[in-house]
Amino acid sequence: MSAPVLRPYQLDLVSKVEASASRSVLMVSATGSGKTTVYEALARRETARGGRVVILADREELVRQAHDRIGGTVIMGSYRPTPDVARPEAPGVTIASVATLARRSEAPDATLVFCDEAHLYAASSFRRVAEAYRGSGAKLVGGTATPARLDGQGLGLLFDEVVQGPSAEELIRDGWLVPVDHRAPSGPWWESVKLSGGDFDTAGLEAASSAVLRDVAGRWQDLGGESRPTLVFAATKAHAAKLADEFSALLFLHGLPPAEVVTDDTPAAVRRSVRDRIQSGALRCVVTVGVLGTGFDAPAISCIVMARPTLSWALYLQQGGRGLRTAPGKTDLLLVDCAGNSLRHGLLTKPFEVNLEGLTRKHRRAVAGLTTCRRCFRVYEWTLPACPACGAAKPRGAERKVREVDGQLIELTGAQQWAERAAAGAQVRKLAAWIREGEEKGWKPAAPMARFRGTFSRWATRDEIEQAKRLARASA
Ligand SMILES: [Zn+2]
């Protein structure tokens, strides 16, 4: 192993982890802060003292990435890494797929064990592997950017102590990550989707999203997304395929290659090729269903499109975090949030306080106080006097509303209420256009309302119909 060059905060994390007397430490550090570099430094020091290190990773990409960086022995199913002279020698280091170890009765000895993506280790089979190491006397070090399981359960069962790295906000201030330009240009098309398993039902999202496929791609283009390497998060594979068609149609107009879809069906070699091509600029847009949520390392990505609404704050951070890394020529991340996630969870870079029992309470408090610019859809803190992107005046009417969804309180900010009203307004304008078209073409009187139902998956209210008729008359 050649010595890694540590940033000041990474050096600080290394000393904090080493100084901790706890048997298991959870290291919390923002996405893009370079956790692998910290593991590498800790591993070098441990092996120099004669210790043995095991690095656990939950997926093939992470095993490969860690092996390319750190070297050592690999345990992953039937996989055998090809001998590579460029790869560092690392005696005493093993990099293992945690799923492979969970299926075996024996695991390599260790004095120091890393659990990458530690939030996944509340799952029983992963937890058994980690607990066995803890029980054997090894020191367990978990690393995560999102110290909550996707279902919100804390990690207190496995870890005794938290070592906290800098927040994304601090990393941006010091130039280690890029700032985020949040835009929320799409209305609440997910509103009618039922919840299942604590989040939006994905099949329901797929159905509801059919009305806004073109809108999502259009908003991305309106905001200049086509000039940026872009990663789009969809709800399902079918949704991803349809979105890719819409994005490809716009990319074609700009003379750019079509969007590509990557799901868990995509072979690892193709995934790597997609990553390399988006990184080199040969590919402009990738649509995925969360398989890239962790471990997809393409720092060039400077635009994230969220087309999958989620109640999971961790999922939101993981997806948005894919665009925070710095790269040559990259000045910021454009977050095109067509899923209401920024208003639901707060700004991507908002600092949070870590608590091993879960973070819902503090986190929920942080969500209040955002607003969306009516002119440019920028999401910003309510305390600012005007939109920081275009200077437009702050929208009025920010009285707070709290709604309970499946036992979880969702705070509606003034901006979200506004976004809902704005979306309803756009639907009324659409209805007015159909009423006019119907009159011109001699449709049956109910036909515009049926079309409204077919497009927006709900019937127009009496008020909306009255309003649409007035609009239709006014423009006739
Ligand atoms: Zn604005």
*asked:* Report, in listed order, any pair from LYS237/LYS444; LYS237/LYS469; LYS242/LYS394; LYS16/LYS350 with a Cα-Cα distance greater than 32 Å.
replied: LYS237/LYS444; LYS237/LYS469; LYS242/LYS394
*Kindly put THR383, THR146 in sequence by how many other C-beta atoms sit within 10 Å of each C-beta, fewest to most.*
THR383, THR146
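With Cβ to Cβ distances under 10 Å as the rule, what net charge do the other residues near ASP297 carry (K, R +1; D, E -1)?
My count for the surroundings of ASP297 gives +2.
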*Take MET306, MET27 and order them by how many other Cβ atoms sit within 10 Å, fewest up front.*
MET306, MET27
*What's the exposure ranking of CYS376, CYS285, going from fewest to most Cβ atoms within 10 Å?*
CYS376, CYS285
*In whole percent, what relative contact order does the range 109-236 give with Cα contacts below 8 Å and a gap of six or more residues?*
17 percent
*asked:* What distance in nm lies between label points placed 7 Å from Cα along the C-beta direction at ASP264 and TRP459?
replied: 4.0 nm
*Quick one: net charge around PRO388, please, counting Lys, Arg +1 and Asp, Glu -1 for every other residue with C-beta under 13 Å from its C-beta.*
+1
*Please work out whether the range 8-165 counts as rounded, prolate or oblate from its C-alpha gyration tensor, where a ≥ b ≥ c are the square roots of the eigenvalues and a/c under 1.5 means rounded, while otherwise a/b larger than b/c means prolate and anything else oblate?*
rounded
*Sorted by packing (mean other beta-carbon atoms within 10 Å per residue), highest first, where do 193-202, 17-26, 53-62 land?*
53-62, 17-26, 193-202
*If R0 is 56 Å, what FRET efficiency do you get for ALA474 and SER227 from their C-beta distance, rounded to 0.05?*
0.90
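The numbers here are math on the coordinates, done by the rules we state, and not lab data. This structure is a prediction, so every number in the text was calculated from the model and none was measured. Heads up, the Cβs are rebuilt from the backbone with ideal geometry, glycines too, and the neighbour counts pull from every protein chain shown.
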